[in-house]
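The structure appears right after this line, and notes come after that.
The values are calculated or read from the model by the stated rules, or taken from the named source; none is laboratory data. Model, not experiment: these values are computed from the prediction. Cβ placement follows ideal geometry from the backbone for every residue including glycine, while neighbour counts extend to all protein chains displayed. Accessible surface is based on the protein model in full, side chains and every heavy atom, while ligands, DNA and RNA are left aside. Shrake-Rupley method; radii C 1.70, N 1.55, O 1.52, S 1.80 Å.
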Amino acid sequence: MLSKTPGHGLLAGRTVLVTAAAGTGIGYATAERCAEEGATVAISDRHERRLAEAAERLGALAVPCDVTDEAQVQRLFDTVTDRLGGLDVLVNNAGLGGTANIVDMTDEQWSAVLDVTLTGTFRCTRAALRHMMPRGRGVIVNNASVIGWRAQEGQAHYAAAKAGVMALTRVSAVEAAGGGVRVNAVAPSLAMHPHLAKVTSEELLAELATREAFGRPAEPWEVANVIVFLASDYSTYMTGEVVSVSSQHP
């Protein structure tokens with residue numbers, strides 16, 4: 001069993017907002033790692049009960065938000081910047097999956113995944129840049145996926161959304177560089193947590209694990225470590241990059 005890396009104060013004095021951080025996956029692990037690295041952390045999610053529980057465990061500011069609702073996104077950023085005195089790092093983690101072949105996929109299934117995963121990332125990125133660029137500093141880290149690079153049956157909507165997140169990352173980075181803001185992304189594959197185990201068959205999880213060089217899924221905190229690196233001053237000359245946290249980079 002791997003042990004988590006101890007904190008080294010990489011984000012001391014920073015304020016960090018992580019979206020979709022109420023569960024047991026990458027979002028919560030990222031918020032936890034940021035707190036362990038000395039950051040003041042705010043988390044959002046549309047599941048208010050789980051959000052409150054996660055915030056209590058983390059000692060974080062909790063702000064309910066559905067990223068498909070622009071008014072809620074504005075309220076999220078207004079609250080965080082007012083309560084915490086600004087925002088240094090945004091981690092766009094909100095995403096929605098699902099499985100359907102293209103011939104069977106409805107417009108509603110397609111739109112739901114795109115609205116959360118891609119357009120939600122756009123809404124939060126836009127709000128963050130409007131705050132960060134006038135200050136001349138800030139970091140945005142997006143959660144993409146190796147499915148944005150490779151094909152997987154039944155994942156056309158999710159693959160399109162995550163490929164879009166990669167493209168949005170690159171364009172945002174170019175536009176934000178003059179304002180002193182860096183924008184990068186991580187592209188994980190399989191990060192095991194209890195919710196994923198509930199909604200995915202054991203057979204598929206085992207098959208996906210065999211595609212990885214280590215023959216196992218990542219722990220959520222292993223992805224979070226890379227996000228912390230991208231948020232920290234150890235990556236000051238990196239922007240517009242999509243960093244694979246998987247052996248499945250094409």
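Summary table
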item	result
Pairwise label distance in nanometres, Glu202 with Glu53, each label 7 Å out on the Cα-Cβ vector	2.5
Added length on full extension, which subtracts the Cα-Cα distance from 0.36 nm per residue, Arg211 to Met238	6.9 nm
Overall form of the chain per C-alpha gyration tensor (a/c, 1.5; a/b vs b/c)	rounded
For Trp110, solvent-accessible area (1.4 Å; no DNA, RNA or ligand), Å²	100
Among Asp69, Asp45, Asp107, residue whose mean-square fluctuation peaks in a GNM of the chain (springs only between Cα atoms under 10 Å)	Asp107
Computed accessible area, His47, all protein chains, 1.4 angstrom probe, square angstrom	80
At R0 = 30 Å, FRET efficiency that the Cβ-Cβ distance of Ala177 and His249 yields, to 0.05	0.80
Solvent exposure, largest accessible area first (probe 1.4 Å, DNA, RNA and ligands not counted), of Thr210, Thr125, Thr24	Thr210, Thr24, Thr125
Inter-site label distance for Asn101 and Asp69 at 7 Å from Cα along Cβ, in nm	3.7
For segment 1-132, average projected area of the Cα convex hull in nm²	9.4
